[in-house]
Amino acid sequence: MKAWLHAHGEALALTLRQFWRRPVAAFLGVTVIAVGLLFPVGGYVALSNLKGMAGAAGADPQISLFLAADAGAADRMEIERRLRLESGVKSFRFVGKDAALKELQTRTGTGDLMAGLTSNPLPDTLLVTPKETSLPAQERLAASAKSWPKVTEVDVDAAWSDRLRILAATGDLVVLSLGVVLGLAMLAISCNTIGLQVLTRTEEIAVMRLFGATSAYVRRPFLYFGAVQGAAAALLAWAVICGSLVLIEPRVAALLGAYGLAGRLVGLSIADGLALLGFSALVGLLGAWLAVAER
Amino acid sequence: MIEFTSVVKRYPGSPDVLKNVSFAVQPGEFVYLTGHSGAGKSTVMRLIAAIERPTAGTVLVHRQNVGRLSERSIPFLRRQLGMVLQDHRLLFDRSVFDNVMLPLQIAGMDRREAARRARAALDKAGLLGREKSNPITLSGGEQQRVCLARAVVNRPSLLIADEPTASLDAGYAGDILRIFRDFHRVGVTVLVATHDETLVGQYPGRTLRLDHGSLVA
């Protein structure tokens, strides 16, 4: 066990010395792989933030129940009782017509125009959040509510959340595809870089073999090089993502503010970062293994 | 220690390089393997180091049959040998010291002990003080001495040398032979392949003579 650890320690030290001896070449190799990683990882971070912002902006589907103008408190309580009994309702909220008018004035900035109205044209409304987000389930709930007394109109506001869901699913697919394609590219880069190293060190390997080096001994430094290069590329990509978020955060905050929203950009979590590190090191190791096995 | 029995070595499309060669080298012997260029001396050395395998016959080194040795076992056989090669095979991207350290690193020796042994081997080869030099800056004789230090650093019981003095003048050749002699005196078995007949008389030893792949003496 001690000899095994010693052999691995030597191989790792040799790898680190190689990086130290040729820092520019090592940095360029790491940069190429890091750029390859940036696309899927950047896409993943962008998508995570987009989903977060959409959630904050009320991306949950909503069904609006508009009450009749002559609906009284007893009618409203009856409708609320029925909503409580509905298994498909997650929550609901009453918005009185005065509150609705005030909100409309604030959102649209048409205070003066609204002040000119002789009466409030808006109805009392119950905003219902359904449990199920699928359109058929929401339509079933809406059809049921429409038959209730004093409910004049039911509006299923699923289009926005549906579009967002489709967009997010497409984005996920694009990021996954990019990840697979660029993972393969990374594998090829690693394989090629280490393949060239094997070729340039042919004489050294031959001499090592003459003095009793086993295949594992010869292979080990190359495998470590691949893994360390991959891990370093992941760290670089992670750092670039963090730096980019710091740079663009004020602009995004300003953009959100223009829509009356607030939020912070979120980078890779520690768990995500470690997963990236592990994945990249593993791909580097695999590339090195292929290069060494081929030659 | 070394035993060749009816060994034949043949490469496709060429005449036999070794023809029915049989000999044995006992522990503690000093043996010269002589013959003209192309007689098969290097092939004998390559068979002993398991770089090649015999086409027919048996090659035993340290009681291990080279012809039947698995690929995984070959490195461990080589670790028991000290090898000096005609073309030096030194690595010019590292110092003399690191070149000598190489067999010990491969064997997985503790770095401190390996460094101590490497310095001792360089001392025996008369190169102490040159350990930080790059081998490319050394003369041919000094490079050969680095090879010798590298060959003996893991204290092998068998030292084989293929034309160790081929590119050296008489003075340097004598120095190299003296170092072989020193190792032989402490019990190391030495097999030196050389075409230089004048070298053979300089230190007593048994002579094996190869002629066109056959052992003649």
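From B:30, B:76, grab the single residue that is of a type in the set (Phe, Trp, Tyr) and away from chain A (no Cβ under 14 Å).
B:30
Across region B:92-103, what is the number of residues that are surrounded by 22 or more Cβ atoms within 10 Å (Cβ to Cβ) and within 10 Å of chain A (Cβ to nearest Cβ)?
3
Could you check residue A:54 against (1) within 30 Å of residue A:266 (Cβ to Cβ); (2) at pLDDT below 85; (3) of a type in the set (A, V, I, L, M); (4) over 18 Å from the mean Cα position of the chain (by Cα) and say which number it fails?
Of (1) within 30 Å of residue A:266 (Cβ to Cβ); (2) at pLDDT below 85; (3) of a type in the set (A, V, I, L, M); (4) over 18 Å from the mean Cα position of the chain (by Cα), only one is false for residue A:54: (4).
Condition first: within 22 Å of residue B:158 (Cα to Cα), more than 14 Å from every other protein chain (Cβ to nearest Cβ), among the acidic types (Asp, Glu) and surrounded by fewer than 19 Cβ atoms within 10 Å (Cβ to Cβ). Can you find one or more residues in region B:83-91 that meet it?
No, that holds for no residue.
I'd like the residue in region A:138-158 that is surrounded by 17 or more Cβ atoms within 10 Å (Cβ to Cβ) and small (Gly, Ala, Ser) and, out of all such residues, is farthest from residue A:67 (Cα to Cα).
A:158
Do we have residue B:181 as touching a residue at least 12 places away in the same chain (Cβ under 8 Å), charged (D, E, K, R) and either in a strand (DSSP E or B) or buried (at least 19 other Cβ atoms within 10 Å of the Cβ) (or both) here?
Spelling it out, it is not the case that residue B:181 is touching a residue at least 12 places away in the same chain (Cβ under 8 Å), charged (D, E, K, R) and either in a strand (DSSP E or B) or buried (at least 19 other Cβ atoms within 10 Å of the Cβ) (or both).
Among the listed residues B:125, B:120, which satisfies the condition of being out of contact with any Cys (no Cβ under 6 Å at 6 or more places or on another chain), buried (at least 17 other Cβ atoms within 10 Å of the Cβ) and away from chain A (no Cβ under 13 Å)?
B:125
In this structure, does residue B:112 turn out to be more than 13 Å from chain A (Cβ to nearest Cβ) and of a type in the set (Lys, Arg)?
In short, no.
Looking at region B:68-82, which of the residues that are within 26 Å of residue B:193 (Cβ to Cβ) and charged (D, E, K, R) is surrounded by the most Cβ atoms within 10 Å (Cβ to Cβ)?
Checked region B:68-82; the qualifying residue surrounded by the most Cβ atoms within 10 Å (Cβ to Cβ) is B:78.
Could you go through region A:174-197 and let me know if any residue there is within 14 Å of chain B (Cβ to nearest Cβ) and either surrounded by 12 or more Cβ atoms within 10 Å (Cβ to Cβ) or within 38 Å of the chain's Cα centre (by Cα) (or both).
The answer is yes, given that some residue of region A:174-197 is within 14 Å of chain B (Cβ to nearest Cβ) and either surrounded by 12 or more Cβ atoms within 10 Å (Cβ to Cβ) or within 38 Å of the chain's Cα centre (by Cα) (or both).
Out of curiosity, is residue B:28 in contact with a strand residue (DSSP E or B) (Cβ under 8 Å, 6 or more places away or on another chain), within 20 Å of residue B:189 (Cα to Cα) and surrounded by fewer than 20 Cβ atoms within 10 Å (Cβ to Cβ)?
Here the answer is yes, as residue B:28 does meet what is asked.
Mind listing whichever residues of region A:212-231 are more than 14 Å from chain B (Cβ to nearest Cβ) and either among the aromatic types (Phe, Trp, Tyr) or not in a helix (DSSP H, G or I) (or both)?
Answer for region A:212-231, where residues must be more than 14 Å from chain B (Cβ to nearest Cβ) and either among the aromatic types (Phe, Trp, Tyr) or not in a helix (DSSP H, G or I) (or both): A:222, A:224, A:225.
Please tell me if residue A:91 is loosely packed, with under 12 Cβ neighbours inside 10 Å and in contact (Cβ under 8 Å) with a residue 24 or more places away in the chain.
yes
Restricting attention to region A:236-285, which residues are in contact (Cβ under 8 Å) with a residue 12 or more places away in the chain, among the hydroxyl-bearing types (Ser, Thr, Tyr) and more than 30 Å from residue A:194 (Cβ to Cβ)?
A:259 - this is the single residue of region A:236-285 that is in contact (Cβ under 8 Å) with a residue 12 or more places away in the chain, among the hydroxyl-bearing types (Ser, Thr, Tyr) and more than 30 Å from residue A:194 (Cβ to Cβ).
Residue-wise test of (1) over 30 Å from residue A:49 (Cα atoms); (2) under 19 Å from the mean Cα position of the chain (by Cα).
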| residue | (1), (2) |
| --- | --- |
| A:213 | yes, no |
| A:222 | yes, no |
| A:238 | no, yes |
| A:242 | no, yes |
| A:253 | no, yes |
| A:264 | no, yes |
| A:281 | no, no |
| A:288 | yes, no |
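Kindly check whether there is at least one residue in region B:54-66 that is within 14 Å of chain A (Cβ to nearest Cβ) and either surrounded by fewer than 18 Cβ atoms within 10 Å (Cβ to Cβ) or without any contact (Cβ under 8 Å) to a residue 12 or more places away in the chain (or both).
Looking for residues that are within 14 Å of chain A (Cβ to nearest Cβ) and either surrounded by fewer than 18 Cβ atoms within 10 Å (Cβ to Cβ) or without any contact (Cβ under 8 Å) to a residue 12 or more places away in the chain (or both), one finds at least one in region B:54-66, hence yes.
Kindly provide the set of residues from region A:268-288 that are surrounded by fewer than 18 Cβ atoms within 10 Å (Cβ to Cβ) and over 13 Å from residue A:37 (Cα atoms), ordered by number.
Within region A:268-288, A:269, A:270, A:271, A:272, A:274, A:282 meet the criteria.
If residue B:106 meets every condition in (1) within 14 Å of another protein chain (Cβ to nearest Cβ); (2) in contact with a Leu (Cβ under 7 Å, 6 or more places away or on another chain) apart from one, which number is that one?
(2)
The values are calculated or read from the model by the stated rules, or taken from the named source; none is laboratory data. Computed from a predicted structure; not experimentally measured. FYI the Cβ positions are ideal-geometry reconstructions off the backbone, even for glycines, and counts take in every protein chain you see.
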